[in-house]
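The structure appears right after this line, and notes come after that.
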Amino acid sequence: MIELLLTVFSATFFVTVIRTTTPLLFATLGGLISDLSGALNVALEGIMLIAALTAVIVSAYAPWYVAVLAAMAAGALLGSLMAFFHLRLKADIILVGFAVNILASGGTVFALSMATGGDKGTSINLVSKAVPGVDLSFLKAIPAIGPTLSQLLSGHSILSWLGALTVFLIWYFLYRTPYGLWLCGVGEYPAAPEAAGIAVGKVRAWSLIASGALVGIGGAQLAMFNYIGFTRDMTAGRGFIALGAVLLGARHPVGAMLAALLFGVFEALSIVMPNLFNWIPSEMIQTIPFVVTILALVLFSYRAQRARQLKTLSKP
């Protein structure tokens with residue numbers, strides 16, 4: 001237990017947490033944007049998987065930033081596809097999301113086989129590039145705290161810093177611009193903004209497109225920094241964990257960030273614990289993030305039910 005505590009409070013564990021949190025953060029923010037518009041995006045898992053493969057394939061032939069943009073474009077394209085089926089063809093958004101997840105699970109294997117010349121498991125035949133880390137080693141020059149700051153902050157992915165900035169930008173967009181108020185209004189009570197002349201369908205369509213683009217960045221981080229390359233089903237349920245983070249974060253960008261960070265901590269624990277507790281089956285340790293997700297959803301459900309009961313009792 002002492003070894004676990006020393007590991008948890010080390011700079012190495014902090015770096016691991018940031019690494020594991022970044023894909024979850026972008027997926028959670030993407031889920032948040034679509035959820036606020038009233039069109040819950042349950043295809044986060046599939047979009048992230050397709051974006052990860054897109055990033056790896058493109059990075060084999062183009063610079064890393066082009067690969068990240070390609071992953072965003074792939075996510076946005078899938079978001080627009082979901083908007084078309086849901087808003088134009090009136091398909092249920094949940095069923096459309098599950099269809100995308102199923103498409104991603106099989107489609108990425110086929111695309112990987114075509115790109116690698118027959119390999120259906122990994123992209124080992126593709127020499128893919130990595131997203132560079134941000135070198136802040138100059139912080140060592142700060143007296144006393146410099147070396148610690150350098151250990152904690154240096155080497156993180158550019159996309160990790162972009163994720164922190166994105167949280168602020170989404171907060172500002174939602175609560176300081178009229179467009180953000182439109183988005184929240186469409187999700188809360190669509191009849192009101194529609195009466196004011198706001199195109200509810202367009203707002204939801206753009207929210208799904210933005211959701212897909214954000215999730216695409218998470219896929220790029222996963223395949224070009226957390227791991228270099230693509231493996232079959234490498235998202236490993238992160239999209240579904242992100243859905244739990246959206247609900248646990250009380251549908252607020254800062255809350256979503258904290259929820260993603262919480263799940264990132266438990267995922268990091270599932271990485272470091274097998275080396276500390278050899279007697280525990282690794283499969284059991286790897287279930288920690290999913291167990292926490294279930295507990296978080298149960299807590300959210302209880303909290304929401306309790307709030308409804310109190311609201312009912314307060315009525316005259």
* Inside the stretch 1-116, counting only helices (runs of 4 or more DSSP H) that do not spill past its ends, which hold 3 or more residues that are surrounded by fewer than 19 Cβ atoms within 10 Å (Cβ to Cβ) and not polar (S, T, N, Q)? -> 2-8, 11-36, 64-83, 93-116
* **the stretch 279-316: number of residues that are of a type in the set (S, T, N, Q), over 21 Å from residue 250 (Cβ atoms) and modelled with pLDDT under 75** => 2
* To do: Would you point out which residue out of 54, 28, 16, 22 is in contact with a strand residue (DSSP E or B) (Cβ under 7 Å, 6 or more places away or on another chain) and of a type in the set (S, T, N, Q)?
  => 22
* Would you list the helices (runs of 4 or more DSSP H) that sit entirely within the stretch 121-190 and hold 1 or more residues that are open to solvent by less than 50 Å² (accessible area, probe 1.4 Å) and under 30 Å from residue 63 (Cα atoms)? => 146-153, 158-176
* What pairs can you find where one residue is in the stretch 88-101 and touching a residue at least 40 places away in the same chain (Cβ under 8 Å), the other is of a type in the set (S, T, N, Q) and in a helix (DSSP H, G or I), and their Cβ atoms are less than 9 Å apart, with a gap of 6+ or different chains? -> 93/34
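The values are calculated or read from the model by the stated rules, or taken from the named source; none is laboratory data. This structure is a prediction, so every number in the text was calculated from the model and none was measured. Here Cβ is always computed from backbone atoms with ideal geometry, including for glycine, and neighbour counts include all displayed protein chains. Only protein heavy atoms, including side chains, enter the accessible area calculation; ligands, DNA and RNA are left aside. Shrake-Rupley method; radii C 1.70, N 1.55, O 1.52, S 1.80 Å.
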